[in-house]
Amino acid sequence: MPIKVLSPDLAAKIAAGEVVERPASVVKELVENSIDAGASQITVEIKAGGVEQVKVIDDGHGIPTEEVAIAFQRHATSKIDSQEQLNAIATLGFRGEALPSIAAVSRTVITTRQPLNPGGFRMELLWGEPVSSGSQGCPPGTAVEVSDLFGNLPARRKFLRSASAETSRVQEFVSRYALVFPGIRFRLMVDGRASFTSPGNGVPREALLAVYGPQAATAMLEVHGEDPETGYQVDGFAGAPSLTRANRTYMTFFVNRRWVQSRMLSFAVEEAYMGLLQVKRYPLAALNISIPYEDVDVNSHPSKREVRFREESRVFSTVQRAVRAVLVADSPVPSLAPPPGSDFPPAVAPSFFTRSAFGGARNGVGMPGYRGGDSGGTTDAAAPRQPAPPLRVVGQLKLTYIVAEGAEGMFLVDQHAAHERVLFDRICQKTLEQEPQSQPLLEPAPVELTPAQGDTLETNREALENYGFQFEPFGDGSYLLRAVPAIFGEGDPAKALLDVLDMTAFEGLVRQKEDVTAASIACHGAIRAGKSLTEPEMVALLEQLEATPNPHTCPHGRPTMVHFSSQHMEREFGRR
Ligand code: ADP
Ligand code: MG
């Protein structure tokens, strides 16, 4: 094909792809425009996950009638007009790309009125081309309505997830902005129903309450820190060490009130919690870093999600110190060892490891695989089942690994992964045999869920109930928990549900797992690294592991054991 310049239409579609990935990016761009317009109230309405319609209404300063058409041209902005300003950007927008990009891939209707003008103006565009415009009465501010997103780019539409998944991205986005702009009243309507409202009274803790709910919000500590040399400031909230989650998505960062994603900032926070959290547990945090505009480059990512800092290590240490300071003040003696029994329930009832309990499991040897259902089938139908070798326990290493000896040399078994495998198979087996595996709670426990957790719960409701959870809606995003899976022992039931939801959401994103919920339940119920095991417990665990159809990997696919062959050892010691 000869080289030629792309048609404006095609070029616009390509450029639009950079800015508009999905409904949540439309919401992001429109909400950022409303914030830049000085709005004090922003209403977001979405239908069918935002694909059918996204509407953002604000009470900001509006757009002069004669400039509306210009706003839809590429690189048209009122926010910067010189190179110097590009080096110190104070607004959320500046590239002049959002409106034209959104309009290029949808039907867009804008109505806008400057507060001092008596009347407003309306303009409609289809796939980027104006179809009508004229004066129209409307309240002061701007409303942008985007429908039929990617209607002219069917390939793009195919990449969108389910309406509920797209909705939860929008919910996440709106609630995070509510945290950092407590002075703005945000309202989110999903398919005609109110989904989230922030008070907009300027009180950060009340915004926090609206986003996280009373339970979590009261366990959040206020963070205020400043590096006297650079003047960098950190403000916001960090969870008390007792308040942890199973993944990193509960850490939110803003730089000059722009939501950013940054591994560096998560590390800075995790570093601050060093020694206070168990492995694989993550804190909650919502922090805004204020730094001089010229010390941060916001122009390094197409949708401005990532930023570059001039003094990265200064930012890191400012955040780490500010958070550490409140944590230390909150708990004056941070212990390096996890506080006994703090973060995890004694997940395994002691009887679990007795021989008799094991005897029961043993009957499962050679029994059908949990997914097969047909007798004699194994999980890996093609591969002949490879049983774990019979092992003799030598001892426990670092309270994490079981050292064992077999005919083939030495084995290091990861106690958590091994137990996870055992529990996973037990859960699936019981479900297959339709045995009840629920443990009713003496008193039902109320649990508050974030919109994203609520979404995970609803999408996986059947699996959660099959595996022993029982719950019912309790109004306002909360649920009443009535039973938990029997394998859970006596831990905090609410935390168990939250954990399982978070793990399910997380695993569900990274892989299409056949049974993510069961794996998450097994993971929550399994003994942790750091737990001392008696010899009979270790023996029992290995025997149960041996009885599973897939003893070599945990349900997440990680190895349960590593093997050092006798030959390898002999070679290493120069014996052969
Ligand atoms: P940018 O935000 O990068 O300037 P956009 O394409 O998002 O580019 O918007 C173009 C221009 O339209 C903005 O610079 C602003 O002047 C105007 N505009 C867009 N949305 C609004 C709004 N909600 N209220 C007032 N003005 C707006
Ligand atoms: Mg913009």
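Structure values in brief
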| item | result |
| --- | --- |
| Only one of Ala103, Ala24 that is under 26 Å from the mean Cα position of the chain (by Cα) and either more than 7 Å from ligand 1 (Cβ to nearest atom) or modelled with pLDDT of 95 or more (or both) | Ala24 |
| Filter pass, Val255 being closer than 24 Å to Leu277 by Cα and crowded, with 20+ Cβ neighbours inside 10 Å | no |
| Inter-residue pairs, beta-carbon under 7 Å, first modelled with pLDDT of 75 or more and in segment 84-100, second among the acidic types (Asp, Glu) and within 12 Å of ligand 2 (Cβ to nearest atom), 6+ apart | Thr91/Asp36; Leu92/Glu32; Leu92/Asp36; Gly93/Glu32; Gly93/Asp36; Ala98/Glu29 |
| Complete set of residues in segment 268-292 that are modelled with pLDDT of 90 or more and either exposed (fewer than 14 other Cβ atoms within 10 Å of the Cβ) or assigned by TED's automatic domain parsing to the domain that holds Ser101 (or both) | Pro292 |
| Set Ala547, Ala540, Ala529: member being aliphatic (A, V, I, L, M) and either outside the structural domain of Ile427 (by TED's automatic domain parsing) or touching a His at 6+ places or on another chain (Cβ under 7 Å) (or both) | Ala529 |
| Sole residue being under 25 Å from Asp148 (Cα atoms), under 28 Å from the mean Cα position of the chain (by Cα) and not hydrophobic (A, V, I, L, M, F, W, C), chosen from Gln53, Gln41 | Gln53 |
| Arg95 vs. criteria near ligand 1 (Cβ under 10 Å from one of its atoms) and in the same structural domain as Gly49 (by TED's automatic domain parsing) | yes |
| Residue among Gly62, Gly49, Gly17 that alone is surrounded by 21 or more Cβ atoms within 10 Å (Cβ to Cβ), closer than 20 Å to Lys158 by Cβ and assigned by TED's automatic domain parsing to the domain that holds Pro139 | Gly49 |
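The values are calculated or read from the model by the stated rules, or taken from the named source; none is laboratory data. Nothing here was measured: the structure is a model prediction, and the numbers come from that model. Note: ideal-geometry Cβ built from the backbone for every residue, glycine included; neighbour counts use all protein chains shown.
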